[in-house]
1. Are any residues in the range 142-152 in contact (Cβ under 8 Å) with a residue 40 or more places away in the chain, closer than 17 Å to Tyr95 by Cα and surrounded by fewer than 21 Cβ atoms within 10 Å (Cβ to Cβ), and if so, which ones?
2. Within the set of pairs 6+ apart or on separate chains, which have a first residue in the range 127-141 that is surrounded by fewer than 16 Cβ atoms within 10 Å (Cβ to Cβ), a second that is part of a helix (DSSP H, G or I), and C-beta atoms under 6 Å apart?
3. In the range 67-76, what residues are closer than 22 Å to Asn158 by Cβ and either surrounded by fewer than 16 Cβ atoms within 10 Å (Cβ to Cβ) or not basic (Lys, Arg) (or both)?
4. Can you name every residue in the range 25-66 that is surrounded by fewer than 12 Cβ atoms within 10 Å (Cβ to Cβ) and assigned to a loop (DSSP other than H, G, I, E, B)?
5. Tell me, please, whether a residue that is within 16 Å of the chain's Cα centre (by Cα) and either closer than 23 Å to Thr6 by Cβ or without any contact (Cβ under 8 Å) to a residue 40 or more places away in the chain (or both) can be found in the range 166-179.
6. Scan the range 88-101 and report the pairs whose first residue is surrounded by 15 or more Cβ atoms within 10 Å (Cβ to Cβ) and whose second residue is at pLDDT below 95 and not hydroxyl-bearing (Ser, Thr, Tyr), with Cβ atoms within less than 6 Å and a gap of 6+ or a chain change.
7. Please state which one of Asp87, Asp48 is charged (D, E, K, R) and within 21 Å of Lys32 (Cα to Cα).
8. How about the range 1-46: which of its residues are aromatic (Phe, Trp, Tyr) and touching a Pro at 6+ places or on another chain (Cβ under 9 Å)?
Amino acid sequence: MTVQETKLKGSYILQPQIFEDKRGYFIESFNKKTFEDKTGLKVEFVQDNESLSSKGVLRGLHYQRGEYAQAKLVRVIKGKVLDVVVDLRPDSSTYGEHFSIVLSEENKTQFYVPRGFAHGFLVLEDHTIFNYKCDNYYNKQAEGGIIYNDAELNIDWNFPMGDLIISEKDLLLPSLKNAQL
């Protein structure tokens, strides 16, 4: 596995080694020891989540606050997404900055999202299956979010805005300036 830190300290792009032959492929999608050796982070994932979405679905930008904050290891099983994170750590030199990466079944790239980040993704192909590990359990009272089109963040989703499919809940999220962090 190769690991590369992004411009947002603590977030990592992970590329597993792919073994292919006439039968198909094999990857080791997660190995705690390898992950910790390559990142210097200690992780204990406690929950896995998976979603199936159509092209144009935008989920996010979500986060968990306080003691319920979550780090995530995200990947695409089938299809393709534009994955986006925003650094919400008040003491971070990259507070309010975002990073995006395309994750797909072809590139098998994974992305580690540390605690203190908002996370979202835009589905780029129909029938996309998105999977992620969390290091803390979900808590409804601790959930927070930022509107996807926040003017201050200026995220380029590179997709026709009129074709987005967004939940009513996500359409009501506040701007970064008004978010409850």
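The values are calculated or read from the model by the stated rules, or taken from the named source; none is laboratory data. Because the structure is a prediction, the values reported are computed rather than measured. Note that each Cβ is placed from the backbone with ideal geometry, even for glycine, and that neighbours are counted across all protein chains shown.
1. Correct list: Gly144, Gly145, Ile147, Glu152.
2. Asn139/Tyr68
3. Across the range 67-76, the qualifying residues are Val74, Val76.
4. Result: Glu28, Gly40, Lys42, Glu44, Val46.
5. Among the residues of the range 166-179, not one is within 16 Å of the chain's Cα centre (by Cα) and either closer than 23 Å to Thr6 by Cβ or without any contact (Cβ under 8 Å) to a residue 40 or more places away in the chain (or both), which makes the answer no.
6. Leu88/Leu181
7. Answer to the selection: Asp48.
8. Once the filter is applied, which keeps residues that are aromatic (Phe, Trp, Tyr) and touching a Pro at 6+ places or on another chain (Cβ under 9 Å), the range 1-46 yields Tyr12, Phe30.
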